[in-house]
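Everything below concerns the one structure shown next.
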Amino acid sequence: MNGRILTVIDTKSRLTEICLDTYGKEQLQAGRNREQCDIVIPDDIVSKVHGTFLIQGERTYYMDRDSSNGTFIGYAGQKRLLAARDGYVEIFDKTVLRIGNIHAPDRMVLLLFHIMPEGEVWKQKNLNEDVIRIGRSPENQIVLKHPGISENHCMIRRENGSFVLYDNRSASGTMLNGRNISAPAALKDKDLVQILDYQLFFSGECIYYKSSIKGISLRVSEVNKYVGSGKKKKQILKDVNCEIQANEFVAIIGGSGAGKTTLMNAISGFEPDFEGKIYCNGIDLVEQFQNLKNIIGFVPQQDIIYENLTLRRMLYYTAKMKMPKDTKKEEIRQRIEEVLGMVDLKEHQDTYIRKLSGGQKKRASIAVELLADPKLFFLDEPTSGLDPGTEKNLMQTLSSLAKEQNKTIIMVTHTTQNLHLCDKVIFMGPGGRLCFCGNVDVAKAFYETDDLVNIYNMIAEAPWLWEKRFAEFGKVHKGTETETKKAELGKVRKEPALRQFLILLRRYAELMKNDKQRVAVLLLQPLLIALLLNVVADKNIFKIYESTKSMLFALSCSGIWIGLFNSIQEICKERVILKREYMANLKLPGYILSKSVLQAALGFVQASILTFVFLGLVGKDKKGIFLDHFSPEILFTVWLTILASIAMGFVISSMVKSGDKAMAAAPFVLIVQLLFSGILFTLKGAGEWISYCTVSRWSVEALGSIAKLNRLELKLQEDFPMLEHEAESFFKATKLHVAQSWMVLAAMTALFVIISILSLRNVSKDRR
């Protein structure tokens, strides 16, 4: 276990550190009197015997001894005064205790309890300049090295005898006493400034801070989760309480349906729909998730990597997305090198991800998350599907990351062979019951077995019994839970949409370039269709009404098929990656638009091949509506048809979770386009209204108007003379009518894009 440290900042702004474990005692008295107290705080506002610390195993408690000035627990705006009648109150890593008058901060002693490994030391920076800058750049007076911190993150400015904290439009935001600041905030004595997982205390005219952070802690308090409603309401997490300390490697294990993944999703902050509290370094994780998410990594069971990129290029695009916009290319390169070394994949950095083995792909997914240097790292069944040797290597990698790279790592797993590499195991029972949390050896002793596999069966037989036994395990006198008020959230600085769009555009372009076979098929498709259309084309096409009308309908259907085939699997095939990026900070409009732009370019090339090859083969020359030749107008209509169909494909792809389901929907969509195009059947009533919503209706209408169908003659058979036909309102050969059809197709494209964006907002609710 790491050392229990009590950091004391007294009324004269002097900082002292006391290691509670060195006393070797269960009870430690704290106060001003040297003869009666173990922990001596020589300050007038501290009582002779102010309070008592109680150490029991890994748990630590505190009780106020009805002191004169009292003890407040919590952050500013979330304080609660303790008294002896409260008994012992459990304190956790990063708990803040304040002694004195909270309305007169200069008459206050601050006690910070934290679990700290060796090597962390407090630094002091005197605020003897007009401006003190804080950030990642070495040019700042206070340098905090983390990829998620901006070069010039925030600053403290002296104004009219006081000090004011400013956030410099930073990527990750700045918190003051647990609340995000969106406007300049005046600092008061003993205030706590937090940037990601860095804590800085303002006292007197100086700042105390640590420039290297050794991981973060997580506390789970009274977490319950329900699904369904009414009589079908079911509890899937039940009163889960546990603490995970900094730099611990923790495994959540249990049988199927025990709530392992549900618990991990809740405590990661990505699924906040539960009852209870999660504290990350003492900060409410759900309330301040937007400020803390850059120190959280999450690797789902499925790989979150693009197979048609090399490993280095995948990491490059992820770094551009996740790291602040002021990150230099050299910093990105160095970070990629560091991450490749962490997961032992340097020799595969230029290998396409599709060529990596299963274990290497899993480590590549981990590397993607490590780029932002998360201190809290979650993995959902990372060893699933791996052979025993690869599984052991991965577990050793994760264990070394926790210890050597200062990560707190939490994973869900079913395997037990290498759990001895974990610092802590959490056993979940049916119904989401917490049946154990602690060391592997302690777990074996608690369940009186040498084989962890036996614990599965024991819990399955009587989960309520083991839940009750563990709840009583190490239980002491406990005070009431600290009352908290909901923090007022400031506005979180958002990533510039244009910058993110350009990164996504470049990444998608490279993905398309690397998938040469698929691009070749997509370009060959319109060529083959044009050749086939020529085979069935009548020699009198564009002269005779019936044959021209049929051919234009076939041309329209070809455009619809091409567009739909282009996009119907584009989103659903990368849905797992999309979910992770969306939870991190991905903007869905930028994501969809990046695909739309390149698909539009591809669609234009396809439309050009289809149109010019077909018209070239049939050898027809005709005056257009707007131009001297109708081929550019035919091309533009076919392109708009493909565009609308691409956007329609995006809608389907955004609503389903797999490519198979998307392709299953394609025939139905095509049949609707055929039946309600208005060409095959005379539509009235509801059928006519449905036709107004189809791409085929407006595509054929525009093509027919450009070809001037109403002016062509009708020929039934070779032996019959040319006949006139009744003009159809569909095919008015006017500029206004063609333009209206084009505008409807463009409007449909925009509408489908918007629908797909709105539909994708549910991607965060995806389950395995």
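So, Tyr23, is that one open to solvent by 30 Å² or more (accessible area, probe 1.4 Å) and under 45 Å from the mean Cα position of the chain (by Cα) or not? It would help to see each step written out before you state the result.
Values: open to solvent by 30 Å² or more (accessible area, probe 1.4 Å): yes; under 45 Å from the mean Cα position of the chain (by Cα): yes.
For Tyr23, the condition - open to solvent by 30 Å² or more (accessible area, probe 1.4 Å) and under 45 Å from the mean Cα position of the chain (by Cα) - is met.
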Taking interchain pairs and intrachain pairs at least six residues apart, which have beta carbon atoms under 6 angstrom, with the first residue in region 1-19 and within 22 Å of Ile207 (Cα to Cα) and open to solvent by 30 Å² or more (accessible area, probe 1.4 Å) and the second modelled with pLDDT of 90 or more and aromatic (Phe, Trp, Tyr)?
Leu15/Tyr208
Looking for whichever is of a type in the set (Asp, Glu), touching a Leu at 6+ places or on another chain (Cβ under 7 Å) and at pLDDT below 85 here; the options are Glu287, Glu205. Which one fits?
Glu287
Search region 544-558 for residues being of a type in the set (Ser, Thr, Tyr) and farther than 15 Å from Thr611 by Cα, and hand back the single one that is least open to solvent (accessible area, probe 1.4 Å).
Tyr545
I need the full set of residues from region 559-580 which are open to solvent by 30 Å² or more (accessible area, probe 1.4 Å) and not in a loop (DSSP other than H, G, I, E, B), in order please.
Trp561, Phe565, Lys573, Val576, Lys579
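Would you confirm, using the coordinates I've provided, whether Val40 is without any contact (Cβ under 8 Å) to a residue 40 or more places away in the chain, among the β-branched types (Val, Ile, Thr) and either surrounded by fewer than 18 Cβ atoms within 10 Å (Cβ to Cβ) or under 30 Å from Val442 (Cα atoms) (or both)? Spell out how you get there, then give the answer.
Values: without any contact (Cβ under 8 Å) to a residue 40 or more places away in the chain: yes; among the β-branched types (Val, Ile, Thr): yes; either surrounded by fewer than 18 Cβ atoms within 10 Å (Cβ to Cβ) or under 30 Å from Val442 (Cα atoms) (or both): no.
So Val40 fails the test.
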Can you tell me which residue within region 43-56, out of those that are more than 44 Å from the chain's Cα centre (by Cα) and among the aliphatic types (A, V, I, L, M), is surrounded by the most Cβ atoms within 10 Å (Cβ to Cβ)?
Val46
All but one of (1) modelled with pLDDT of 90 or more; (2) in a strand (DSSP E or B); (3) out of contact with any Asp or Glu (no Cβ under 7 Å at 6 or more places or on another chain) hold for Phe72, so report the exception by its number.
(1)
Top-ranked residue in region 507-556 [being closer than 21 Å to Ile642 by Cβ and not in a helix (DSSP H, G or I); ranked as modelled with the lowest pLDDT]
Ala537
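For region 657-668, name all the residues that are part of a helix (DSSP H, G or I) and farther than 16 Å from Ile560 by Cα. Give the steps one after another, and end with the answer.
Let us first name the residues in region 657-668 that are part of a helix (DSSP H, G or I), namely 659-668.
Across region 657-668, the qualifying residues are Gly659, Asp660, Lys661, Ala664.
Just to be sure before I move on: is Asp93 under 27 Å from Glu287 (Cβ atoms) and part of a loop (DSSP other than H, G, I, E, B) in the structure I sent? Walk me through how you get there before you give the answer.
On the way: under 27 Å from Glu287 (Cβ atoms): yes; part of a loop (DSSP other than H, G, I, E, B): yes.
So Asp93 passes the test.
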Based on what the data block shows, is Tyr591 among the aromatic types (Phe, Trp, Tyr), surrounded by fewer than 22 Cβ atoms within 10 Å (Cβ to Cβ) and under 30 Å from Val299 (Cβ atoms)?
no
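Tell me which residues, restricted to region 595-637, are aromatic (Phe, Trp, Tyr) and either open to solvent by less than 20 Å² (accessible area, probe 1.4 Å) or in a helix (DSSP H, G or I) (or both). Walk me through how you get there before you give the answer.
Let us first name the residues in region 595-637 that are aromatic (Phe, Trp, Tyr), namely 604, 612, 614, 626, 630, 636.
Phe604, Phe612, Phe614, Phe630, Phe636, listed by residue number.
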Any idea how many residues of region 349-366 are open to solvent by 40 Å² or more (accessible area, probe 1.4 Å) and either within 22 Å of Leu578 (Cβ to Cβ) or in a helix (DSSP H, G or I) (or both)?
5
Residue pairs within 7 Å by beta carbon, gap of at least six or interchain, first lying in region 507-530 and of a type in the set (Ser, Thr, Tyr), second surrounded by fewer than 19 Cβ atoms within 10 Å (Cβ to Cβ), listed first then second, are Tyr508/Leu598
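For Leu371, are the conditions met, namely being touching a strand residue (DSSP E or B) at 6+ places or on another chain (Cβ under 8 Å) and either closer than 26 Å to Ile149 by Cα or among the hydrophobic types (A, V, I, L, M, F, W, C) (or both)?
no
Output the helices (runs of 4 or more DSSP H) that fall wholly within region 287-348 and possess 2 or more residues being farther than 22 Å from Lys579 by Cα, or say none.
Numbers: elements: 289-292, 311-322, 329-342.
In region 287-348, the matching helices (runs of 4 or more DSSP H) lie at 329-342.
What are the residues in region 368-404 that are in a loop (DSSP other than H, G, I, E, B), on the phi < 0 side of the Ramachandran plot and under 22 Å from the mean Cα position of the chain (by Cα), if any? Steps first, please.
The initial filter retains those residues of region 368-404 that are in a loop (DSSP other than H, G, I, E, B), namely 371-375, 381-387.
From what is left, the residues that are on the phi < 0 side of the Ramachandran plot are 371-372, 374-375, 382-384, 386-387.
The answer is Leu371, Ala372, Pro374, Lys375, Pro382, Thr383, Ser384.
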Taking strands (runs of 3 or more DSSP E) that fall entirely within region 153-248, which contain at least 2 residues that are more than 25 Å from Asn294 (Cβ to Cβ)?
154-159, 162-167, 218-227, 234-244
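Yes or no: region 678-690 includes at least one residue that is in contact with a Cys (Cβ under 9 Å, 6 or more places away or on another chain) and part of a helix (DSSP H, G or I).
Kept after step one, since they are in contact with a Cys (Cβ under 9 Å, 6 or more places away or on another chain), are these residues of region 678-690: none.
Looking for residues that are in contact with a Cys (Cβ under 9 Å, 6 or more places away or on another chain) and part of a helix (DSSP H, G or I), one finds none in region 678-690, hence no.
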Among the numbered conditions (1) part of a loop (DSSP other than H, G, I, E, B); (2) out of contact with any helix residue (DSSP H, G or I) (no Cβ under 7 Å at 6 or more places or on another chain); (3) not aromatic (Phe, Trp, Tyr), tell me where Ile671 comes up short.
(1)
Across region 663-705, which residue is modelled with the lowest pLDDT among those that are surrounded by fewer than 19 Cβ atoms within 10 Å (Cβ to Cβ) and under 28 Å from Phe630 (Cα atoms)?
Phe681
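How many residues, within region 399-412, are open to solvent by less than 10 Å² (accessible area, probe 1.4 Å) and touching a helix residue (DSSP H, G or I) at 6+ places or on another chain (Cβ under 8 Å)? Full working, then the answer.
Quick first cut of region 399-412, residues open to solvent by less than 10 Å² (accessible area, probe 1.4 Å) only: 401-402, 407-412.
Within this subset, residues satisfying the condition of being touching a helix residue (DSSP H, G or I) at 6+ places or on another chain (Cβ under 8 Å) are 401, 407-412.
Counting residues in region 399-412 that are open to solvent by less than 10 Å² (accessible area, probe 1.4 Å) and touching a helix residue (DSSP H, G or I) at 6+ places or on another chain (Cβ under 8 Å) gives 7.
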(1) modelled with pLDDT of 85 or more; (2) more than 30 Å from Leu394 (Cα to Cα) all hold for Val442 apart from (2)
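Got a number for residues in region 638-662 being open to solvent by less than 70 Å² (accessible area, probe 1.4 Å) and either in contact with a strand residue (DSSP E or B) (Cβ under 8 Å, 6 or more places away or on another chain) or not polar (S, T, N, Q) (or both)? Please lay out each step first, then the result.
Initial filter on region 638-662 (open to solvent by less than 70 Å² (accessible area, probe 1.4 Å)): 638-654, 656, 658-659, 662.
When the remaining residues are screened for being either in contact with a strand residue (DSSP E or B) (Cβ under 8 Å, 6 or more places away or on another chain) or not polar (S, T, N, Q) (or both), the result is 638-640, 642-644, 646-652, 656, 659, 662.
Summing the residues that are open to solvent by less than 70 Å² (accessible area, probe 1.4 Å) and either in contact with a strand residue (DSSP E or B) (Cβ under 8 Å, 6 or more places away or on another chain) or not polar (S, T, N, Q) (or both) in region 638-662 gives 16.
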Which condition number does Leu602 fail, the rest of (1) at pLDDT 95 or above; (2) closer than 29 Å to Tyr545 by Cβ being met?
(2)
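Which of the residues belonging to region 241-270 are without any contact (Cβ under 8 Å) to a residue 40 or more places away in the chain and either among the charged types (D, E, K, R) or open to solvent by 10 Å² or more (accessible area, probe 1.4 Å) (or both)? It would help to see each step written out before you state the result.
Of all residues in region 241-270, those without any contact (Cβ under 8 Å) to a residue 40 or more places away in the chain come to 256, 265, 269.
Ser256, Asn265, listed by residue number.
Per-residue answers, yes or no, for (1) crowded, with 19+ Cβ neighbours inside 10 Å; (2) over 19 Å from Ile142 (Cβ atoms); (3) among the charged types (D, E, K, R):
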{"position": "Asn160", "(1), (2), (3)": "no, yes, no"}
{"position": "Arg169", "(1), (2), (3)": "no, no, yes"}
{"position": "Asp191", "(1), (2), (3)": "yes, no, yes"}
{"position": "Arg219", "(1), (2), (3)": "yes, yes, yes"}
{"position": "Ser229", "(1), (2), (3)": "no, yes, no"}
Within the set of pairs 6+ apart or on separate chains, which have a first residue in region 431-444 that is more than 16 Å from Leu263 (Cβ to Cβ), a second that is assigned to a helix (DSSP H, G or I), and C-beta atoms under 6 Å apart?
Val440/Leu419; Val440/His420
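The values are calculated or read from the model by the stated rules, or taken from the named source; none is laboratory data. Remember, predicted model here, so these are calculated numbers, not experimental data. We place every Cβ from the backbone using ideal geometry, glycine too, and count neighbours over all the protein chains shown. Surface accessibility is based on the protein's heavy atoms, side chains included, excluding ligands, DNA and RNA. Shrake-Rupley method; radii C 1.70, N 1.55, O 1.52, S 1.80 Å.
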